[in-house]
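Down below is the structure, laid out as C-alpha cells.
Coordinate-derived values only; no laboratory data. Fair warning: this is a prediction, and the values are worked out from it, not measured in the lab. Glycine also receives a Cβ, built like all others from the backbone with ideal geometry; neighbour counts cover every protein chain displayed.
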Amino acid sequence: MHDAVRVGIAGCGRMGLPMARALATAGFDVRGFDIRPVTEFGAFAPRMIPDPIEFASHAEIVFSVVRDQRQTEDLLFDDQALLARGQTGGGAIRLVVISSTLSPRYVRDLVGRLPDGVRLVDAPMSGAQVAAEEARLSFMLGGRQADLDLIDPMLRAMGTKFHRMGGIGTGMTAKVLNNVAAATSTAVVRRVLDWADRLEVDQERLLAVMHDSSGQTWFGSNFDAIEFARDGYDPDNTVGILVKDVESALDALAPEDRAGLPEAVIEVLLGLTPR
C-alpha cells in the first residue's frame, strides 16, 4: 500500500482514467478530477472529486493529463486554478507532473510561475489507450532527481519503460521530437498508400514489402494494429493530436528550423481522410 502519498490525476480521459485506475490497483490513495460529470466515470466515480478546491486539498502530487496548453492553463491558473486554490484554500499540492504533450518552451516557462513550495516534473508518456489500460506506458522524464525518485513508484504502477532525460523540459523535448518522427511516418505511409491505390498496387502486399525492406516504419509495420491508422484528420482524435505535437516541437525551434519538413508533415496530416 502507498497510502502515505496522496495522488491526483487531473484530466481523466482516455489516458488519464486508466492511469488513475492503475494507481488505485497498485494501492495508491488516488483521486481523479475532470470537468465532466462524475457519473461518466463508472466504477471509478467514487474516487472522482468534482470540486477543484477539494481536489487541490487532497492531492500532494498532481499528474496533469489534459489535452493541450490551453487546458493546462485552465487547470493550473485560470478556470479550475488548482495552484491558486491551493494557496488560498489550504491546498496540499507540492509537485505537479506534466504528462500531457506540450511545448518544451512552455514547460520550462512554467517553473517560474509556480507558487512557492510547488515543484515541477515533465513526464509525458508514449503509448496508445491500450497501453494505458494495460499499465505499460513509456515515460520521458525531466526534472530534479529527487522528484523523479519520488514519483518512480507511481510511474512503475502505470508503465514499463522510463527514460530520464535530464532537467526540466528535457523529457518534453524528447517526447515532441519522437512524435515528429511518428507524425512523419504516419504522413508518409498514408500518402504512399494513397499512391498505391492510384497505381493499382495492393495495400497489404505493399505493407509487407515495406516491412521487409528499407521502407520499414513502426506505423507501416503495425498498420492493422494501430487504432488510428485509417483515421482522417479531426482536431480531437489521434491524428489531430499528432498535429498538435508537431506544432509543440515547432514552438521550441528557432525560426530557421521551422520551415520545410515539419510544416509539410502538418499539411499532409490535416488533409488525411478516412481509409
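Evaluating 6.51 cos²θ - 1.76 cosθ + 1.60 at θ = phi - 60° for every residue in the range 112-120, the Karplus couplings come out as x, 9, 6, x, 4, x, 10, 10, 10 Hz, glycine and proline recorded as x. How would the range 2-168 be classified by its alpha-carbon gyration tensor: rounded, prolate or oblate, with rounded meaning a/c under 1.5 and the a/b versus b/c comparison settling the rest? Since a/c stays below 1.5, the shape of the range 2-168 is classed as rounded. The H on the amide N of residue 48, modeled in the peptide plane, is under 5 Å from the matching H of 32, each at least 5 residues off or on a different chain.
Principal semi-axes of the equivalent ellipsoid, √(5λ) from the alpha carbon gyration tensor of the range 173-270, are 25, 14, 13 Å from largest down.
Among the DSSP helices (H) of the chain, those spanning at least 18 angstrom by Cα along their long axis with an average Kyte-Doolittle hydropathy of -0.5 or more are 145-158, 170-198, 238-252; this is a geometric and hydropathy rule only. Label-to-label distance, residue 163 versus residue 70, with points set 7 angstrom from Cα along the beta-carbon direction: 2.9 nm.
For residue 162, the residues whose amide H sits under 5 Å from its own are 139, ignoring neighbours fewer than 5 places away on the same chain, with H placed 1.01 Å from N.
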